[in-house]
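Here the structure comes first, spelled out in C-alpha cells, and everything after it is commentary.
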Amino acid sequence: MHGMSSAYEQAAETMHRLPAARRSRQQGPLLREVLVGQVRILDTYCCQGGASMGYYEAGFEVVGVDIDPQPRYPFEFHQGDAIQYIRDHGREYDAIHASPPCQLYSKTHRIMRSDFPDLIGPTREALDSTGVPYIIENVEDAAGELRNPVRLCGGMFGLETYRHRLFETNWGLTAPAHLEHIAKTTKMGRAVKPGEFMHVVGNFTGVDHARHVMGMPWANRDGLREAIPPAYSAYVGTQLARLLAVAA
C-alpha cells in the first residue's frame, strides 16, 4: 500500500476479515458514534459535490477543493489547485478523495485529439506524500493509469443509470456483485422512455430527471455530467468508516 501508515494497514486487514454483510450494513452513524468531531475527508476536484454528498451521508465532515468557483457546492469549499492543496493541507484530513478530470481518457478525446494534462499520476504522488487513506476515482478508459481499481455501477445501488466508474484506493476497497445489465440505456441526447436507464453525459436531455436518477437535486447540467452519484461514495465511505473506526 502506497503512503499509508502501518496502523491503517493493520486496520484494513482487520476490516477485510469481517463478513461482507457486516461491512455493508455500516452507515453514517458509525462515524458519528465512534469518532464524533474527528473525521474529515477532503474531496479534491469536487465540482458540484456528488462524491462529497455520499461521504457526508456516510458520516464524514466534508471539505471540497476545485480550481473553478463552485457556487452549488453544498459544503465548505476552497478554490485552488487540487494537487497543491493536497500537498499543503492533505495531512490535516483523515482521508482524501480525488477525481482528476477524465477528458484525457474519454472517447471524445480520442476522436478530437484535444490537449488535456494527465493528472492521475501527479495526484497520486501528492496523495502518497500525505500518508492518509485515499481514493482516486475515474472513468473506465483510465483503467491503465489506475492501480488495481474496483468498478462500481449504478445497478449495484438500484439507480436507473449504469455509469461505470473505477476506484483506486490504498486500503483495499471491495465491490458488490456486478449484476447483469438488463435495462436499455437511452441514447445520448434523447428523452428517457419508461423502463430505460439514463446516460448522463454530454448534452443529455432531461436535467430534472437526471437530478432524480443521480440523487443530486441541487446540481445543474454541468455538475451532473461530471459527477459520480452520491450512492457510490456513500458505499466507499461506509467501508472507509470501518477502516478508520478500527484504526482508532
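The values are calculated or read from the model by the stated rules, or taken from the named source; none is laboratory data. A quick note: this is a predicted structure, and the numbers were derived from the prediction, not measured. Note that we place each Cβ from the backbone using ideal geometry, even for glycine, and neighbour counts take in every protein chain shown.
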- Task: Look at segment 139-166 and say how many of its residues are closer than 30 Å to Pro194 by Cβ and not in a helix (DSSP H, G or I).
- Result: 12
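Residue by residue, here is whether (1) touching a Leu at 6+ places or on another chain (Cβ under 7 Å); (2) among the aromatic types (Phe, Trp, Tyr); (3) more than 15 Å from Tyr45 (Cβ to Cβ); (4) modelled with pLDDT of 95 or more holds:
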residue	(1), (2), (3), (4)
Arg147	no, no, yes, yes
Arg151	yes, no, yes, yes
Gly154	no, no, yes, yes
Phe167	yes, yes, no, yes
Asn170	no, no, yes, yes
- Mind checking which pairs have a first residue in segment 77-88 that is within 11 Å of Leu119 (Cβ to Cβ) and a second that is modelled with pLDDT under 95 and of a type in the set (Asp, Glu), Cβ under 9 Å, 6 or more apart or different chains? none
- Item | Identity of the residue in segment 44-89, surrounded by fewer than 23 Cβ atoms within 10 Å (Cβ to Cβ) and in a helix (DSSP H, G or I), that ends up farthest from the chain's Cα centre (by Cα) | Asp88
- Failed condition for Leu179, given (1) surrounded by fewer than 14 Cβ atoms within 10 Å (Cβ to Cβ); (2) of a type in the set (A, V, I, L, M); (3) closer than 30 Å to Ala126 by Cβ: (3)
